[in-house]
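A short worksheet on the structure shown next.
The values are calculated or read from the model by the stated rules, or taken from the named source; none is laboratory data. Since the model is a prediction, treat every value here as computed from it, not as a measurement. Cβ placement follows ideal geometry from the backbone for every residue including glycine, while neighbour counts extend to all protein chains displayed. Ligands, DNA and RNA are excluded from the accessible area calculation, which covers all protein heavy atoms including side chains. Shrake-Rupley method; radii C 1.70, N 1.55, O 1.52, S 1.80 Å.
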Amino acid sequence: MTRISVTVDGVRYDDDVEPRTLLVHHLREQLGKVGTVVGCDTSNCGACTVLMSDPDGRLVGVKSCSVLAVQADGREITTIEGLAGPGNTLHPVQRAFHERHALQCGFCTPGMIMAAVDLLSENPDPTDDEIREGLEGNLCRCTGYQNIVRAVRDAAAAAREAGTSAEPEPPTVEAVDAATPDGGLPSEGTPDEAVPQPVP
Amino acid sequence: MIPAPFDYARPSTVEEAVAALADEDAKVLAGGQSLIPLLRLRLAAPTVLVDLAGLDALRGVHSDGDDLVIGAMTTHASVLADPLVNRYAPLLAQATGTVADRQVRHRGTLGGSLAHADPAGDLPAVAVALDATLEIAGAGGRRGVPAADFFVDYLTTALEPGEVLTSIRLPKRGEGWSTRYEKFNRTAQGWAIVGVAAAVRRENGGIAEARVALTNMGTRPVRAAAVESALTGASADAETVRAAAGHAAEGAEPTGDLSASAEYRSHLARVLTERAILAALGQAHAA
Ligand SMILES: Cc1cc2nc3c(=O)[nH]c(=O)nc-3n(C[C@H](O)[C@H](O)[C@H](O)COP(=O)(O)OP(=O)(O)OC[C@H]3O[C@@H](n4cnc5c(N)ncnc54)[C@H](O)[C@@H]3O)c2cc1C
Ligand code: FES
Ligand code: FES
């Protein structure tokens, strides 16, 4: 077992992990971050995409099935569950996916949204071709991609208009609260059993 | 699938890394973008993974006289964004932009791509075309191996067990040189069915020097020597280039697989070589 410390969606977690644990399994099974999914065994589909800080501290998209949890030691991670703003207001990319009907079964969506956020953080005004190329690491078996491209284009425009970047906000006090494992679900009136709990 | 168990070491100096590699089934971990998929499929089962992420000295690009030196742990994304690479080795930047996808480029490293030596990998041919020297550290000290001798066979390099690739040294190619990587693949994030790395130096309207190396035309990158000699001293017109490119597959031993037969690969080598050289010369190819 190796001790690691990872900050996920604004919360720091210290855990002992086996070196062979994949980051995606650590996120899902140890930290309860089940919003991040696994879609393949070959590092191709991108469903598991999260943002992780690089050695310079910049948050960049990575495939969490192709990173060992021990490699994330000391890093910061944003998952789909940490994207919403204070009070669970949708991130511009999340809103655009909703409004543009950019999903059908929804399995690729968490990774697709994180990859789009990653792309827009580097290129806030991409052409359609740049969007397609920027998302080439993510596969969708339902939508045919058209609405995904439209959604990313819309999100880019919305973020530019609002003068905000499409990058995730640094965690605020409320965001930290919203980023706990149940942060993605409405807090009022939600039955306990509907709230995913971290595995102890 | 979940990888088989292994121990994990994160040294902070090259010496510590070499010491940690003493076990014969130890393996270097760089970006993990080739190794982790292999571990997941249980096609590799090392006893110890020696993670080079703590070796800051192996990351980054610097200029050293007439050479550019790129640390083995420099990620594809950092290579792409680096101003020195874009100025003195634009061929490397351009080819790196065709590798995999954004997520893989954020983690995968130049050193890992070369050490992995996949015949379909794009960067080995670029290293050969640019006459790179691979700098290696091991228990016996340090040595440099020319790219032409580094790639030995399918997934096999001149690296001995226990050795670490530390950096890649490239002669700067500024003034007069122009370059192009042409890659043929059928799907998004697809590997090259064939790739061509071309560099030409022009002088007085003619071609003074040419270097051409091919991806996936054998178990290791091959120089298209006949193309190079046909171009050297020739004029830079489309007819000459077409005739020279006709020699591209000479001496190569491509294999056939699900993506392409050996004959089709040879055809692609000729077509892509013509395109790469014309593009390097700033002429669009006739479709
Ligand atoms: C979906 C997908 C698509 C891809 N598409 C392409 C593509 O189109 N073109 C392409 O060229 N590549 C492609 N790749 C591979 C990618 O470029 C990898 O980044 C690269 O092959 C390995 O680099 P790495 O740093 O991840 O090395 P790792 O996976 O960590 O290591 C690979 C091998 O090299 C050894 N090694 C690594 N670094 C060193 C070192 N410094 N010294 C000694 N040994 C070392 C390791 O022990 C291991 O055997 C793709 C990968 C994926 C997952
Ligand atoms: S699960 Fe498919 S790329 Fe990670
Ligand atoms: S919406 Fe079903 S895979 Fe993309």
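The figures follow:
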quantity: Ranked by how many other beta carbons lie within 10 Å on average, peptides B:224-235, B:188-199, B:70-81, B:134-145 from highest; calculated: B:188-199, B:70-81, B:224-235, B:134-145
quantity: Chain-alone versus full-assembly comparison, the stretch B:1-25, residues with accessible loss of at least 20 Å² (1.4 Å probe); calculated: B:M1, B:I2, B:P3, B:P5, B:F6, B:Y8, B:R10
quantity: Helix-only mean residue ellipticity at 222 nm for chain B, each DSSP H run of n ≥ 4 adding -39500 (n - 2.57), per residue, nearest 500; calculated: -8000 deg cm²/dmol
quantity: Angle in degrees between helix B:262-280 and the longest Cα principal axis of chain B, rounded to the nearest 10; calculated: 70
quantity: For A:113-124, mean number of other protein chain Cβ atoms within 10 Å; calculated: 1
quantity: Sequence-separation-based contact order of the stretch A:5-76, relative, with Cα cut under 8 Å and 6+ spacing, percent; calculated: 40
quantity: Sequence of B:F184, B:F6 when ordered by accessible area, the most exposed leading, probe 1.4 angstrom; calculated: B:F184, B:F6
quantity: Portion, in percent, of the accessible area of the stretch B:177-280 that falls on carbon or sulfur, probe 1.4 Å; calculated: 47
quantity: Per-residue HN-Hα couplings for the stretch B:29-40 [Karplus 6.51, -1.76, 1.60; θ = phi - 60°; Hz; x = Gly/Pro]; calculated: 10, 9, x, x, 7, 9, 6, 5, x, 5, 5, 5
quantity: Carbon and sulfur %, accessible surface of the stretch B:102-144 computed with the full protein complex present, 1.4 Å; calculated: 44
quantity: Average beta carbon contacts from partner chains per residue of A:61-72, 10 Å cutoff; calculated: 6
quantity: Neighbourhood charge, 15 Å Cβ-Cβ cut-off, centred on A:L103 and excluding it, Lys, Arg +1 and Asp, Glu -1; calculated: +2
quantity: Under the Karplus curve 6.51 cos²θ - 1.76 cosθ + 1.60, θ = phi - 60°, whole-Hz ³J(HN,Hα) for the stretch B:116-128, x wherever Gly or Pro sits; calculated: 6, 6, 6, x, 8, x, 7, 7, x, 5, 5, 4, 5
quantity: Rg/Rh ratio calculated on Cα atoms of the protein assembly as shown (Kirkwood radius); calculated: 0.99
quantity: List of the stretch B:95-141 residues, accessible area with partners at least 40 Å² below that of the chain alone (1.4 Å probe); calculated: B:R102, B:Q103, B:H106, B:R107
quantity: Long-range HN-HN contacts of B:T74 with modeled amide H, under 5 Å; calculated: B:G60, B:L110, B:G111
quantity: The stretch B:69-197, relative contact order in percent, only Cα pairs under 8 angstrom and at least six apart counted; calculated: 29
quantity: ³J(HN,Hα) computed for each position of the stretch B:209-226 - Karplus, 6.51 cos²θ - 1.76 cosθ + 1.60, integer Hz, glycine/proline x; calculated: 8, 9, 10, 9, 10, 10, 9, 6, 10, x, 7, 8, x, 10, 7, 8, 4, 5
quantity: Heavy-atom accessible surface of the stretch A:86-162: percent carbon and sulfur, 1.4 Å; calculated: 47
quantity: Surface per residue (accessible, 1.4 Å probe) for chain B, Å²; calculated: 41
quantity: Placed amide H near B:A26: partners under 5 Å, 5+ positions off or other chain; calculated: B:T47, B:V48
quantity: Nonlocal amide H pairs with B:A208, under 5 Å, H built at 1.01 Å; calculated: B:R201, B:R202, B:E203, B:G233
quantity: Per-peptide average of other Cβ atoms within 10 Å, ordering B:82-92, A:73-83, B:107-117 highest first; calculated: B:107-117, A:73-83, B:82-92
quantity: Share antiparallel - DSSP beta bridges, the stretch A:1-124, percent rounded to 5; calculated: 90
quantity: Total accessible area lost when B and A pair, probe 1.4 Å, Å² to nearest 100; calculated: 2700
